[in-house]
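Structure first, then comments.
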Amino acid sequence: MQTPSPRPLLPEVARRVAAWCVVLLLVAGVAAVAIWLCVVFQTAVTPVLLAILGTALLGPLYRRLLRMKVRKSLAAGLTVLAVLGFVGGATYIVVLALIETGDQIIASLRQAAVDIADHLGAAGTSIDDLAKNAKALLEKFGGTAASGVLSGLSVVAQVAAMGVLALLLIFFFLKDSDKAAGALRSLAPRSTGDTLEAMGRRAFEAVEGFMRGTTVVALVDAVLITIGLLILRVPGAVGLGALVFVTAYIPYLGAFLSGAVAVLVALADRGFVIALWVLGVVLAVQVIEGNVLQPAIQSRTVQMHPAVVMLAITAGASVAGILGMLLAVPVTAAAFGVIGELRSRYGTQDTGTSGAGAPAEE
C-alpha cells in the first residue's frame, strides 16, 4: 500500500511569493553592501567610475585611431590628450565668458536683490542693515571661515588628485580594453563565463550609448539656448550656454537648474518680459529634446522611464551628493543593460524549450 505524500505546509502561491521575497532580500542586501563599500572607499571608487564614463565616451575616437593603424599606447595617449584639450578649451571659454560678463551678471543679480528687499523686505530692514549684520557675522566667525577655506583647499587638492587618477585609468582602460573579456572569464566559473562576458559587454554598451547620446543632446541644447540668449541680449549668454552643456549630464534636474539661472539673469538685467521669453526658449528647447532629439539620438540605447531616472537621481544624490546625481543614471543604464541581456538569454531559452516540447506532445 502506497503511503500518501505529505501535504505542503503552504500553498503553491505562498511558496512562490516567499521564494521571490528571499531573492529580493538577497539582491537588496548585496546592493546595500556594495553601496556601503563604494561610500567607504569613495576616494578610490570615484576615479574608477569616472574613468569608466570617460572610456565609454571616448571609445569611438580610440577605435577610429586603431583603424588608422595607430599603436594602442599612442592611440590611448592621444585620446587622453584630446580629453585634456576639450576640457581645457571648455574651461577657457567658460572662464573667458565669466570674466567678460561676470561683473554685469553680478551687478544685475545685486540690483534684483535690492528690488526684492525693497518690495518684500521686513519693516525697518534695509540692505545697509543686512550688510552690517553680515559684517558682524564674518567678524564673529572669522576663524571658522578660515578653517573652511583650508578645508576647501584640501577638497580642491583631493578633486585634482582624483582627476589625474581618472585620466590615468582612462589611458589604461582604453589600452587594455581587449583584455577585459579575458579578465571577466577568469573571474567566473567555466559554465558562466560566456554569460558574464555578455553581461559586461551589454552594460558597457549601455553606458557608452548613454554618454554618447547625452553629449550630442547637451551640445545641441547648449547651442540652441545660447542662440536664443544672444538674440534676447541676455548678459553672459556664452557662459550660460556652457552651463547648460555641463548640467545636461544630470537629466531633467540639470536642465531645470541651468534654465532657472538663465531666467534669473534675464529677470535681473532685462526685465520681466525678456525673462518670460527666456523661459519660453528654455521650454521650447526641452520640448525639442524630449520629442525629437532623445528618440532620434538615443533610440538604440537603454530606454528608461522618466520616473525611473528621477528616482535614480534622487537615490544618487542621497548617497553621494552631486557626484551621485552624475553617476546615478549611467549606473542605472548599465543595470538595465544587464537585465536586458539576462532576459534575452533566459527568456529565449525558455521559449525555445517550450516550443521544442510542443511538437513532441503532438
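Whether any residue in region 211-223 is buried (at least 17 other Cβ atoms within 10 Å of the Cβ), assigned to a helix (DSSP H, G or I), over 19 Å from the mean Cα position of the chain (by Cα) and among the β-branched types (Val, Ile, Thr) is what I want to check.
no
Checking each residue in region 164-195 for being modelled with pLDDT of 80 or more and either closer than 30 Å to residue 289 by Cα or part of a helix (DSSP H, G or I) (or both) picks out 164, 165, 166, 167, 168, 169, 170, 171, 172, 173, 174, 175. Within region 234-245, restricting attention to residues that are closer than 19 Å to residue 276 by Cα and among the hydrophobic types (A, V, I, L, M, F, W, C), the residue that is surrounded by the fewest Cβ atoms within 10 Å (Cβ to Cβ) is 237. I need a count of the residues in region 316-337 that are among the small types (Gly, Ala, Ser), closer than 13 Å to residue 250 by Cα and surrounded by fewer than 20 Cβ atoms within 10 Å (Cβ to Cβ). Total satisfying the criteria: 2.
Tell me yes or no: at least one residue of region 246-253 is open to solvent by less than 30 Å² (accessible area, probe 1.4 Å), touching a residue at least 12 places away in the same chain (Cβ under 8 Å) and more than 20 Å from the chain's Cα centre (by Cα).
Looking through region 246-253, none of the residues is open to solvent by less than 30 Å² (accessible area, probe 1.4 Å), touching a residue at least 12 places away in the same chain (Cβ under 8 Å) and more than 20 Å from the chain's Cα centre (by Cα).
The values are calculated or read from the model by the stated rules, or taken from the named source; none is laboratory data. What you see is a predicted model; the values in this text were computed from it and never measured. No Cβ is skipped: glycine too gets one built from the backbone with ideal geometry, and neighbour counts run over all protein chains shown. For the accessible areas, the whole protein counts, side chains as well, though only heavy atoms, and no ligand, DNA or RNA atoms are used. Shrake-Rupley method; radii C 1.70, N 1.55, O 1.52, S 1.80 Å.
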